[in-house]
Structures are given as C-alpha cells and as structure tokens.
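Have a look at the structure below, then the notes.
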Amino acid sequence: AAIHEARPEIVAAAHAHSIYGKAWSAVGRLLDPITQDACAFYEDHVFFDDARVVVTEASEGADLARCLGSHKAAILRNHGLLTVGRTIEEAVWWFV
Ligand SMILES: [Zn+2]
C-alpha cells in the first residue's frame, strides 16, 4: 500500500521469497552490472537494509517505499526481492 501511495504510476508489485533471491539478499549487496540481465537494474535498484524481516506495520511499508524511491527493484536484506511496474506484466517481468 505504501508503494502505491508513494508511486501512483505503479500498478503492481511482485514479491517472493525465492531461493536465489533470498540467498542473494543475505549477501548484502546490490547486483553488479556484469550480465545482460543484471544491467537492466544498473542504478535502478536499491538494497533495503532493515533488521525487520517481515513487514507487518504501515510504518515499515513506508520505510520500504521511501527506500525504493523511483527505482524498479529492491533487495530486502535476509528476506527476498521486490519489483514494481506500471503494469502487472512489467512487475513480473522484472521479477523473473
Ligand atoms: Zn516477504
């Protein structure tokens, strides 16, 4: 909800605790632009370094939305990945 509030152009957010997403989130780094796929996120993703692993309160969602800013993806420490899009397809595409 906080993402939609902060970014009215965003229609969908994709979020899951995928095996590789969770593993990467525990490394504590952004993606290096070393592959064609990773280049799509160059300077367009953030690392949400928050000790709260599960968002259960509105203030935590607001912190995530603030961290996401105008970017299309977030790596959530020890949690997983999140992508956003102006369509459902865009959010899912970036996630996959
Ligand atoms: Zn989650």
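For the chain, which longest stretch is free of loop sites, where a loop site is one of the GluC sites (Glu not before Pro) that DSSP puts outside H, G, I, E and B and that has at most 13 other Cβ atoms within 10 Å?
58-96
What percentage of the solvent-accessible surface of the chain, computed with a 1.4 Å probe over protein heavy atoms, is contributed by carbon and sulfur atoms? Intermediate values should be presented prior to the final figure.
Values: 3590 of 6010 Å².
Its accessible area is 60 percent carbon and sulfur atoms.
Any chance you could list the semi-axes, whole Å, largest first, of the equivalent ellipsoid that the Cα gyration tensor gives for the chain, using √(5λ)?
19, 17, 11
Per residue, how many Å² of accessible area does the chain show with a 1.4 Å probe?
63
How much net charge surrounds Arg52 when only the other residues with a Cβ under 10 Å from the Cβ of Arg52 are counted, with Lys and Arg +1 and Asp and Glu -1?
-3
Suppose we keep just the DSSP beta bridges with both residues in the chain; what percent of those would be antiparallel, to 5?
70
The values are calculated or read from the model by the stated rules, or taken from the named source; none is laboratory data. Here the structure is a predicted model, which is why all the values come from computation and not from measurement. No Cβ is skipped: glycine too gets one built from the backbone with ideal geometry, and neighbour counts run over all protein chains shown. Only protein heavy atoms, including side chains, enter the accessible area calculation; ligands, DNA and RNA are left aside. Shrake-Rupley method; radii C 1.70, N 1.55, O 1.52, S 1.80 Å.
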